[in-house]
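A short reminder: the numbers here are calculations on the coordinates, not readings from a lab. In this text, all values refer to a predicted model and were calculated from it rather than measured experimentally. Here the Cβ positions follow ideal geometry from the backbone for every residue, glycine too, while neighbour counts run over all protein chains shown.
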Amino acid sequence: MFWIFTFGLLCIPIFVCAFTDNECYVTCSDYFYREGDVTIGAFFPLHIYYTGNKVPGKYLPYSFQDYRVQYKFKNYQFVLALVFAIEEINRNPDLLPNTTIGYDIYNIPFTEKNILRSIFLWRTRIINPLPNCDCGQKRKSPVVLTGPSWSASAHIGTFLQLYKIPQVTFGPFDSILNDRGQFNSLYQMSPKDTSLSLAIVFLLLQFRWSWVGLIIPDDHRGTQILSDLRENMENHGICIAFLKIISSAWNAFSNELWKNMYKIEESSANVIVIYGDIISVQGLMRHIAQLLVTWKVWVLSSSWDVDTHSDYFMVESFHGSLVFSHHHDEMVEFMNFVQTVNPYKYPEDNYLPKFWHLFFKCSFSEFNCQLLENCQPNASLDLLPRHHFDPAMNEEGYNIYNAVRAVAYSIHEMNLQKIQTQPYAKGEEMVFFQWQLHPFLKNTIMRSHIGRHTATHGGGNLDAQYDILNFWNFPSGLGLKVKVGTYSLSAQQGPQFSLCEQMIQWPTGFTMICISA
């Protein structure tokens, strides 16, 4: 049974969207909720609001009348990974018996001000929240899940640590979030990227690429990867053709970005390494896609993604790119689960109807905006183009899945300890405070990291494992990431690198292995 959390005063009722005039499609709630004995709070970037002509609002300062909504359909996998993990746990009679897990999902807004307003709302359960007021509807929410942006996690974490509420992030590992002095209630599911620079250098050496461009974000992560890359590249005779440091404030229409892009396009380096997460380099990636830069090989970090703007062309800028992703197990059960998801199975999910209306030509009821039974038969998310939605569990989804399981096992162990030390009457509700979960969650996540990221291989321990993916997007819209190689670092045997060159598809226009020397 699903419940929708609707807060009228915090939502703009109707948004005019650029590519559909259906009122139900552009009417959006920022929150939805599923009942459970305990709930997991989750903050995901599922849609953004923007303005076209900046028509001033009539009643509120710094507001606009011509708001539009843009759905981040790829990020909907975050929701599916969460639901998949929760349903798997709820079916397990040996894990948290007689206890069901629900969720409380909030969209992460664009502005920092609204991020804090959302977390206040989650905490207080009232429409106009007050920071120290907890007088709304009570729910047991032992943990908050955030990501993939480190900055959003940091803002939310600053608030949560005041109450010692456990926070688990599923985005890329970040050294700032690992500062226990600043974030003593925060746990990261993703492994460190300590050997990523060496893995990239091994790829460059494989193809004798010795003249390489480098683009990094203007933040602490960019500074660290630049230091590591420079050292490893110099040690192996690889030269940096150019270095561009990209501000996260630059978008696709930034004058500064335009000034730098022509130098990148005209550079004699045919191979360019881009390091950064979705947020830090989103303007750059969108700009490259728009310009159809098809004569470069892009080497990208695992958190790469782009909302392509070249769907009307057969060619695409990032076709042939090589992507480094942390290795994780394939989840066939998740893909089977995705095939069963539809708005009729989960009628109160306010994002699924948007998929079905846009991609499967369903119409809405004018009375209550419910989908009518006139959709394409056997419609399923796994039928969508991969550049819109990929049914295979990605790295962030895998981290979410493991985070939910870590929370469930932690609560289970805490309950067992309480039963042993404080017996309670049959039928009496187990009561605990959020801060009491910390030692159990810390130990569970530590064991998870040891099991997943320090696997045994050839008699030695693996400190890091990466899959090397090749992005196939010709014709544009194919959107496949195909595994073509692996990299691992063993404490005893050193680096292990393998690559199947015959499987690699190169950028459009290249008929042989790209030369960058």
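If you plug the beta carbon distance of ASP37 and LYS442 into 1/(1 + (r/R0)^6) with R0 = 25 Å, you get a FRET efficiency near 0.60. The order of the peptides 114-122, 163-171, 229-237, 440-448 by mean Cβ neighbours within 10 Å, most packed first, is 163-171, 114-122, 440-448, 229-237. A simple spin-label model places the labels of LYS345 and GLU333 1.5 nm from each other, with each point 7 Å out along Cα-to-Cβ.
If the chain linking LYS418 and GLU265 were pulled fully straight, counting 0.36 nm for each residue of separation and taking away their Cα-Cα distance, it would gain 48.8 nm. Take the Cα of ASP179, step 7 Å toward its Cβ, do the same at MET503, and the gap between the two points is 4.1 nm.
Packing order of peptides 188-200, 331-343, highest average first: 188-200, 331-343 (average count of other Cβ atoms within 10 Å over each peptide's residues).
Cross-link pairs exceeding 31 Å between alpha carbons, from the set LYS244/LYS483; LYS296/LYS361; LYS345/LYS418; LYS244/LYS481; LYS54/LYS140; LYS74/LYS192: LYS296/LYS361; LYS345/LYS418; LYS54/LYS140. Approximating the spin labels as points 7 Å out from Cα along Cα→Cβ, the ASP94-to-SER363 distance works out to 5.2 nm. Length gained on full extension, THR194 to GLU87, computed as 0.36 nm times the residue gap minus the Cα-Cα distance: 35.1 nm.
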